[in-house]
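Asks: If you scroll down you'll find the structure; I have some questions about it.
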Amino acid sequence: MGQHLISAKQLSRADIERVLDHAAALERDSPTDRRSGTLLGLCFFEPSTRTRLSFEAAIKRLGGDALDMGAIEASSVTKGETLADTVRVLAGYVDALVLRHPSEGAARMASEFVSVPLINAGDGAGQHPTQTLLDLYTMRENVGLDGLSIGIMGDLKYGRTVHSLSLALTNFDTTQHLVSPESLRLPRGVRYDLEAAGASVQEHTDLSTVLPDLDVLYVTRIQRERFPDDAEYRAIAGEYRIDAATLEDAKENLIVMHPLPRVEEIAADVDETPHAKYFEQAKNGVAVRMALLDLALDGGGIFAADESGSLADWNEGADA
Amino acid sequence: MSGPEGNAGGRDERDDGNEATETDADHELRVTKIRNGTVIDHVPGGLALTVLGVLGIDGSAGEVVSIGMNVPSDRLDRKDVLKIENRELTRDELDVLSLIAPAATINIVREYDVSGKHRVDRPEQVSGVISCPNPDCITAGNEPVSPTFDVLEEGVRCVYCETILGAEGASLTEHADIG
C-alpha cells in the first residue's frame, strides 16, 4: 500500500525534510480549510494527552474533524474484540487512522487490515515516529540537523520516543551519546539497526563526561515500574536528573528537549534558562502533525506524490 | 565458506551412510542404513539434539532415530548426522532447520535408495513456525496474524515488534511451533 507511517526506520532524509518543510510552510500560512470534510480516526488504547490532542488540533486546523474512539473501558475492546477487527471497522468511517496501542508491532499489524493511511502514535516500547518528526523539527529550528552532538538520556530500553529518534538521526551527520543506567540501555533490535545504518553512537552511564560537548540534550523519564523496588528506582532515577546547576557545564547554546510528560528528571528551574525547549517542542507537535496528515490525505497514498519515489515506498521500504 | 572443502565429490558427498557402501563414515558411525525416511547431514557439530527439538521429535511418537554427533567432516570440521525413519520433512520444518543448520543436506530415502538429495533453502521470511518471545508483541495476543520473522544472517527478527531471536539453537527450539 505504501501509505502508512509505522516506524522511524522508514524515514529517509528526504522524507523527513519534506515533512518538516511542509510543517514550516503550514505554520507560516496557518490554513484553515485545506482538509475540509476530512475525518481522522483516533484510536488510543493507552492514555494520551499531548499526542491525542495535538492530532485533534492538527486535523481541526486543517479544516477537518476527528472521530475519537474514546476510552477503551467504554468500547467493544472490553468485549474481547481483536485490534484487527476494531481498526477494520473504524477504517470504514474515516479518511485516516491514528493508533496508539500497548503492544509492540500493533501498528504494523493493524496496517495490514486497513485501506486508509494509518499513523503509529506509539506501540508499546516500540516506535513513536510522529514524536520524532516534531523532535527533529524543534532541533532544526534551533540548532540545525547536521554536525551535531546529541545526548539522549534516561530510559533508552523502553522509551519508544528514543528508539524512533535514534534511528531517524542516522540520516544526519550526528554523533549520538546515549546516557543511561546499564539496565536501561537500548534494546538489541534498535542497536542492530543503528549498526546497520553505520551510526556514530557512544554509550555512557554518566552525563557529566559528555555534557560539555553536547548541542542537544534529550531527556526521558525513567519509570518507577521498571524497577523491582522503590529504593533502587530512587537511587537510579536520581542520577539521571538535571537542574539549572547541572547545565552550568554545558555549551551556551545547548538545547534541552523532553517528549513530556516530565516528572522529576528536569527540575523546574531549567524552565527559566534559555536551554529549555520542551514546551516549544510540544507546541511544534501540531504543525508537524498537520503536515503529516496533509501529506497522508493527499490522494493516492500517504506520501505518494514524492518525485524521488522514496516516500511512495515508505511501507514497502520498511523491511529493506 | 570457500576453499578445498567446498569441492564437489569429496568425502562429504558419500558420507551420509545411505549411499555407496563402505564409506569412512559408515565405519565411524556404525549406523545401519535406513529403509525409508530422512537423513539430515551436515548439521553443525553438537546441534543434532537441537534439530530434533526444533522438529518436535522426542521419541514419544515411536520414530526410530539414529544420531551421529561430532563426526569428522571436510566441510564442517565436525558435523552431526541424523537418520529419522519413516518420516519426511515438511516445508515448514525445512525452513526452521535452515535457520540453525544452513549447510544441512536432506536425503529422502525410499527403499534404501536416496530418492532426493537437496540443500535446505534459507528463506527470506518464516511464518507460523516460530513464536515471538516478546510477551508484549502484538502476535502474543489473539490477533488473526501468524508470527512472522525476517531471516537475518544470524538469527531471525519479528516483523511486527522487531525483536531479534538469536541464531543459537536453544532459543529457536524454545519458540519453535512445529512438530
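Asks: Using +1 on the beta carbon of Lys and Arg, -1 on that of Asp and Glu, and nothing else charged, what's the dipole of the stretch A:129-281 about the Cα centre, debye to 20?
Replies: Dipole size: approximately 600 debye.
Asks: Name the long-range amide H neighbours of A:GLN202: under 5 Å, sequence gap of 5 or more, or other chain; modelled H, no Pro or chain starts.
Replies: A:GLN176, A:HIS177, A:LEU178
Asks: While we're here: Which entries of A:LYS251/A:LYS277; B:LYS33/B:LYS83; B:LYS33/B:LYS117; A:LYS251/A:LYS283; A:LYS60/A:LYS283 have Cα-Cα distances beyond 18 Å here?
Replies: Violating the 18 Å limit, Cα to Cα: A:LYS251/A:LYS283.
Asks: Taking amide H atoms as placed 1.01 Å from N in the peptide plane, list the residues 5 or more away in sequence, or in a different chain, whose amide H sits under 5 Å from that of A:TYR218.
Replies: Excluding prolines and chain starts, which carry no amide H, the hits are A:GLY151, A:ILE152, A:MET153, A:MET257.
Asks: Moving on to the next point. In debye to the nearest 20, how big a dipole does the protein assembly as shown give about its Cα centre with +1 on each Lys and Arg Cβ and -1 on each Asp and Glu Cβ?
Replies: Using only the charged Cβ atoms, the result is roughly 880 debye.
Asks: If you don't mind, another one. Gain in length, A:ALA57 to A:ALA231, computed as 0.36 nm per residue apart minus the alpha-carbon separation, to one decimal in nm?
Replies: Full-extension gain reported as 58.6 nm.
Asks: Suppose only helical runs count, i.e. DSSP H with n ≥ 4. What mean residue ellipticity at 222 nm does that imply for the protein assembly as shown under -39500 (n - 2.57) per run, divided by all residues and rounded to the nearest 500 deg cm²/dmol? Provide the component values of the computation, followed by the final result.
Replies: Details: 14 runs with 140 residues, N = 499.
Here the helix-only value at 222 nm equals -8000 deg cm²/dmol.
Asks: Another question, if that's okay. Given that compact globular proteins tend to follow 2.2 N^0.38 Å, what is the ratio of the alpha-carbon Rg of the stretch B:22-119 to that value?
Replies: Here the answer is 0.99, to two decimals.
Asks: Take the Cα atoms of the stretch A:71-162, find their three principal axes, and give me the spread along each one in whole Å, biggest first.
Replies: Result for the stretch A:71-162: principal-axis Cα extents of 49, 28, 22 Å.
Asks: Here's a follow-up. Against the empirical 2.2 N^0.38 Å scaling, what ratio does the C-alpha Rg of chain A come to?
Replies: After normalising by residue count via 2.2 N^0.38 Å, the value is 0.97.
Asks: Once phi is turned into θ = phi - 60°, what whole-Hz ³J(HN,Hα) does the Karplus curve with 6.51, -1.76 and 1.60 give for every residue of the stretch A:94-99, x standing for Gly and Pro?
Replies: So the J values, rounded to whole Hz, are 10, 9, 7, 10, 10, 10.
Asks: Residue-wise, which Karplus ³J(HN,Hα) couplings in Hz belong to the stretch A:15-20, taking 6.51 cos²θ - 1.76 cosθ + 1.60, θ = phi - 60°, and x for glycine or proline?
Replies: 4, 5, 5, 5, 5, 5
Asks: What does the charge count near A:THR86 come to, summing +1 for each Lys or Arg and -1 for each Asp or Glu among other residues with Cβ under 13 Å from its Cβ?
Replies: It works out to a net charge of 0.
Asks: Under the rule of at least 5 residues apart or a separate chain, name every residue whose amide H is placed under 5 Å from the amide H of B:HIS42.
Replies: B:ASP80, B:THR105
Asks: Another question, then. List the relative contact order of chain A as a percent without decimals, with contacts defined as Cα pairs under 8 Å and 6+ residues apart.
Replies: Across chain A, relative contact order equals 23 percent.
Asks: What average count of beta carbons from other chains do you get within 10 Å of the Cβ of residues in B:128-140?
Replies: Numbers: counts 0, 0, 0, 0, 2, 0, 8, 2, 10, 8, 16, 4, 3.
The mean count of partner-chain Cβ atoms within 10 Å per residue comes to 4.
Asks: At 7 Å along the Cα-to-beta-carbon direction for both A:ALA71 and A:ASP21, put a label point, then send me their distance in nm to one decimal.
Replies: Simple spin-label model gives 4.5 nm for this pair.
Asks: Normalised by the number of residues in the stretch A:129-281, what is the relative contact order in percent for Cα pairs under 8 Å and 6+ residues apart? Intermediate values should be presented prior to the final figure.
Replies: Values: 246 pairs, mean separation 37.8, N = 153.
Rounded, it is 25 percent for the stretch A:129-281.
Asks: Quick one: which of A:65-72, B:136-143 comes out on top by average Cβ neighbours within 10 Å, and what's the full order, highest first?
Replies: Packing proxy ranking, top to bottom: B:136-143, A:65-72.
Asks: What do you get when you divide the Cα radius of gyration of the stretch A:129-281 by 2.2 N^0.38 Å, with N the number of residues?
Replies: 0.96
Asks: Now for a different question. Magnitude of the Cβ-charge dipole of the stretch A:121-209, K/R +1 and D/E -1, about the Cα centre, nearest 20 debye?
Replies: 180
The numbers here are math on the coordinates, done by the rules we state, and not lab data. Predicted, not measured: the structure shown is a model, and the values here were computed from it. Neighbour counts are summed over all protein chains in view; Cβ atoms, including those assigned to glycine, are modelled from backbone coordinates with ideal geometry.
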